[in-house]
Amino acid sequence: MKKICLLIMVALLNFEAYAQLAPAPQPLEDFKTIGTSKYEVRYSFKFKNHHTDSQYIEDTRVVQIGDAIVKDYSDVIYHFDSLATVNFRKGLPTSSNTNVTLPCEIFNFHKTRQTKVKYRLILNAGVLCYDDLYPVLEWEFSPESPIEIMGYTCGKATVKFAGREYAVWYTMDIPFPYGPYKFHGLPGLILKVEESNGMYLWEAFSIVKSTATINQYTYEKEIKCTRSEAAKTIARMNTKPMTFLSTSGSRIMVARKDGSFGEPDSNENEILYEPIELE
């Protein structure tokens, strides 16, 4: 496997910024169609890597809802992948993705009660691929008065999932029991999700009927693993990204403040990080 030399400007990046390196774009050439969507819902998505972070990372999540499959993916990553695909076909260099997001692509298969996740690692470090059980969510319905989101009347429910507590607003005007990420099981489409500590926030801003295909892409450097193995790898990547890249097959050359170049410090400071799923 060819090793790639990566140049990181330490004079311009602090340790927190290291954790915010984005995955490299990939051409969307190899895929299979696994379904057809009936609705496409777009959610504004904000999150923090740690509860002490002062700023949110923002993205748009696209949720395709089919008869048996719901796909959730990052619009930012898809945008740069699409540009890479066009440039690849023209023999041009690809545009770099400098945007940071939650780089996972999620497929929820309702009939088989399975979830498939593809998690993009930073730069060219690969794509983790693992299967998981479709979560069983025990909802508690709130007596609070309904609110309006996008012109739809929404009730409120709460749930404990993977070590976190969430408040969710859903509308029975669109009778699909789905939503972003792995949320499901309410008597209507989920339009808003808030994590109790404010670390994760989804809110729908576009709902359209759709006949688009639901595609499952195969990426370069896919790594099959378990959910537990993926969690450990993602934690290493987020807490010590330079060390992680050095041990993943990439040679890292760092530009130091004095103008010299060299290997990254082996005593890299650990960055604070909390996964979305704590359990």
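Looking across the range 58-85, the residues that are outside any helix (DSSP H, G or I) and surrounded by fewer than 16 Cβ atoms within 10 Å (Cβ to Cβ) come down to Glu58, Asp67, Ala68.
Note on the range 127-150: residues that are closer than 19 Å to Gly185 by Cβ and of a type in the set (Gly, Ala, Ser) total 1. Evaluated against (1) more than 10 Å from the chain's Cα centre (by Cα); (2) of a type in the set (S, T, N, Q); (3) at pLDDT below 90, Gln64 falls short on exactly one condition, (3). Of the residues making up the range 182-204, those that are surrounded by fewer than 22 Cβ atoms within 10 Å (Cβ to Cβ), in a strand (DSSP E or B) and under 17 Å from the mean Cα position of the chain (by Cα) are Glu194, Glu195, Tyr200, Leu201, Glu203. Do we have any residue at all in the range 114-128 that's surrounded by 15 or more Cβ atoms within 10 Å (Cβ to Cβ), more than 30 Å from Leu272 (Cβ to Cβ), in contact (Cβ under 8 Å) with a residue 40 or more places away in the chain and not small (Gly, Ala, Ser)? No.
The values are calculated or read from the model by the stated rules, or taken from the named source; none is laboratory data. This one's a predicted model, so the numbers in the text were calculated from it and none came from an experiment. Ideal geometry is used to build each Cβ from the backbone, glycine not excepted, and the neighbour counts take in all protein chains shown.
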